[in-house]
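Quick one: structure below, then a few questions.
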Amino acid sequence: MIAGTVPLQIIVLRLIAGESPARATRLSTLTGLFGLGLVVAPGLGAGSTALGLAVMVSATMCWTLGSFMSKRVALPGDPFVASVYEMGFGGAFLLIGATAFGEYGDLGSGTFALDSMLAWVYLVVMGSLVGFTAYAWLLRVAPISLVVTHQYVNPLVAIALGMAFLGERPSPWTLAGAGLVIGAVYVAIRAEFPRKATAARPANGAPRGTPADQTA
């Protein structure tokens, strides 16, 4: 649920920066957040520690700020290189944290089991290299308020996988929330892409192409 606030945080940063997001974008953001609340509501009773909540809030704020600044600071030209830097610094930070908290003592024989290693390789390749590279590329070519709607879609993917492979049956409220999320993402797409396309279109129907093209 906390991660789902990223689109709303992006809207706030855009307003602070003097931008004017479309009204449909703002409404779809709030609608998607409400729908996400319905999706995750059944698991809210599990509880969490204050430290865990603080870490999650800080992580979402860092993700939001990094995404927002991606077009405003100098970054490597290749999104794949940017992903390698992100994973390298993030991995080093986690190794330092694991050392500080003595987590290496929890390592056992099961840690290096075949299924564990295969899962680790999958997360490194698909979840990190491919995922981060695709995200960095999208931030360059698509409106940011549209890109961050993946925070709404991720829980829906989890629900679909649970239904397909674990036989899970979501509640009617969860399905209603999923519908709201899908609708919100659709509205965000319609609100963001036409504005970008209109801005790129020549005004007053000006002729396009070279003089030779126009003559032909």
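The values are calculated or read from the model by the stated rules, or taken from the named source; none is laboratory data. Just so it is clear, the model here is predicted, and its values are computed rather than measured. Reconstructed Cβ throughout: ideal geometry from the backbone, glycine too, with neighbour counts over all protein chains shown.
The rows are residues; the columns are (1) modelled with pLDDT under 85; (2) part of a loop (DSSP other than H, G, I, E, B); (3) exposed (fewer than 10 other Cβ atoms within 10 Å of the Cβ).
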residue: G45; (1), (2), (3): yes, no, yes
residue: V57; (1), (2), (3): yes, no, no
residue: F68; (1), (2), (3): no, no, no
residue: A92; (1), (2), (3): no, no, no
residue: G97; (1), (2), (3): no, no, no
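Among the candidates A136, A176, A191, A184, which residue alone is in contact (Cβ under 8 Å) with a residue 40 or more places away in the chain, in contact with a helix residue (DSSP H, G or I) (Cβ under 7 Å, 6 or more places away or on another chain) and farther than 23 Å from S67 by Cα? Steps first, please.
Working: A136 fails: farther than 23 Å from S67 by Cα; A191 fails: farther than 23 Å from S67 by Cα; A184 fails: farther than 23 Å from S67 by Cα.
From the options A136, A176, A191, A184, the qualifying one is A176.
This table checks each residue for (1) assigned to a helix (DSSP H, G or I); (2) in contact (Cβ under 8 Å) with a residue 12 or more places away in the chain; (3) not aliphatic (A, V, I, L, M).
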{"site": "R72", "(1), (2), (3)": "no, no, yes"}
{"site": "G77", "(1), (2), (3)": "no, no, yes"}
{"site": "A82", "(1), (2), (3)": "yes, yes, no"}
{"site": "Y85", "(1), (2), (3)": "yes, no, yes"}
{"site": "S116", "(1), (2), (3)": "yes, no, yes"}
{"site": "V121", "(1), (2), (3)": "yes, no, no"}
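Conditions: (1) surrounded by 12 or more Cβ atoms within 10 Å (Cβ to Cβ); (2) over 16 Å from the mean Cα position of the chain (by Cα); (3) closer than 18 Å to V147 by Cα; (4) among the hydroxyl-bearing types (S, T, Y). Y85 meets all but one. Number of the miss?
Here Y85 clears every test but (3).
Among the residues in the range 126-141, are any under 27 Å from I10 (Cβ atoms) and surrounded by fewer than 10 Cβ atoms within 10 Å (Cβ to Cβ)?
Yes, some residue in the range 126-141 is under 27 Å from I10 (Cβ atoms) and surrounded by fewer than 10 Cβ atoms within 10 Å (Cβ to Cβ).
May I pose another question? Restricting the search to the range 10-31, which residues are in a helix (DSSP H, G or I) and of a type in the set (S, T, N, Q)? Quick ask: steps written out before the conclusion?
Within the range 10-31, the subset in a helix (DSSP H, G or I) is 10-16, 23-31.
Result: T25, S28, T29, T31.
Checking the structure you have, find out if any residue of the range 175-190 is over 23 Å from Q9 (Cα atoms) and of a type in the set (D, E, K, R).
The initial filter retains those residues of the range 175-190 that are over 23 Å from Q9 (Cα atoms), namely 175-176.
Applying the additional criterion that residues be of a type in the set (D, E, K, R) yields none.
No, the conditions are met nowhere in the range 175-190.
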